[in-house]
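S.K.: I have a structure I would like to understand better, so I am pasting it below and will then ask my questions one at a time.
Please treat every number below as a calculation from the coordinates, not as lab data. Quick caveat, the model's predicted, so the values are computed rather than measured. Neighbour counts run over all protein chains shown; Cβ positions are idealised from the backbone, glycine included.
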Amino acid sequence: MNKFNIIRQKVSEEEKQQRIKDYIEEMEFFGFPISETELKRLQQQDLYDEKIHLKCLRCGHEGIHDWEFIDEVWSRKSPYPSIYCPKCGKGGFIPIDVYNSKRNK
Ligand SMILES: [Zn+2]
């Protein structure tokens, strides 16, 4: 069984305030203004971004990508996500932990 890690990064206070502001504007736009209670809850909550470190089996290109996106395109038919490499355009852009365990065999 292959394992891979998701990197959880706490969103900075500035970024959090910006996102709350955007969220409030968006909800008002759609006619669902946010209540004081809801706003308070948002302010007290810590926000996290989830990222994943991927590496290409073919060309060795690596990068950190949003887990949300990778999770969406991962069909779950394989034990780990494998997408097209943004550099060489071929399949086999996989989590670095899986990459390392394949390379160490
Ligand atoms: Zn590549």
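S.K.: As I understand it, the dipole of the chain uses +1 on the Cβ of Lys and Arg and -1 on the Cβ of Asp and Glu, about the Cα centre. Which of Q17, P86, S35 lies farthest toward its positive end?
M.R.: P86
S.K.: Now for a different question. Spelling out what I want: for every residue of segment 65-72, take phi, set θ = phi - 60°, compute 6.51 cos²θ - 1.76 cosθ + 1.60 (Karplus), and round to whole Hz; glycine and proline get x.
M.R.: 10, 5, 5, 3, 5, 4, 4, 5
S.K.: Taking 41 Å as R0, compute the FRET efficiency from the Cβ-Cβ separation of E28 and N5 and round it to 0.05.
M.R.: Calculated value: 0.60.
S.K.: If I stretch the segment between I96 and K40 completely, what's the gain in nm (0.36 nm per residue apart, minus their alpha carbon distance), one decimal?
M.R.: 16.3 nm
S.K.: Give the lysines whose C-alpha is closer than 28 Å to that of K21, dropping any in the same chain fewer than 8 places away, or say none.
M.R.: Leaving aside lysines fewer than 8 places away in the same chain, those within reach of K21 are K10, K40, K51.
S.K.: Hey, fewest Cβ within 10 Å first, where do K10, K55 land in order?
M.R.: Placing the least packed residue first, the sequence is K10, K55.
S.K.: With only Lys, Arg, Asp and Glu charged, each at its Cβ (+1 for the first two, -1 for the last two), find how big the charge dipole of segment 5-93 is about the Cα centre; round to the nearest 20 debye.
M.R.: Dipole of segment 5-93, to the nearest 20 debye: 780 debye.
S.K.: Specify whether the C-alpha gyration tensor of the chain places it in the rounded, prolate or oblate class, a ≥ b ≥ c being the square roots of the eigenvalues: rounded for a/c under 1.5, otherwise prolate if a/b is larger than b/c and oblate if not.
M.R.: Since a/c reaches 1.5 and a/b is larger than b/c, the shape of the chain is classed as prolate.
S.K.: Stick to Cα atoms and the Kirkwood definition of Rh, then tell me Rg/Rh for segment 1-51.
M.R.: Ratio of gyration radius to Kirkwood radius: 1.15.
S.K.: Cα centroids of segment 68-105 and segment 13-32: how far apart, whole angstrom?
M.R.: 33 Å
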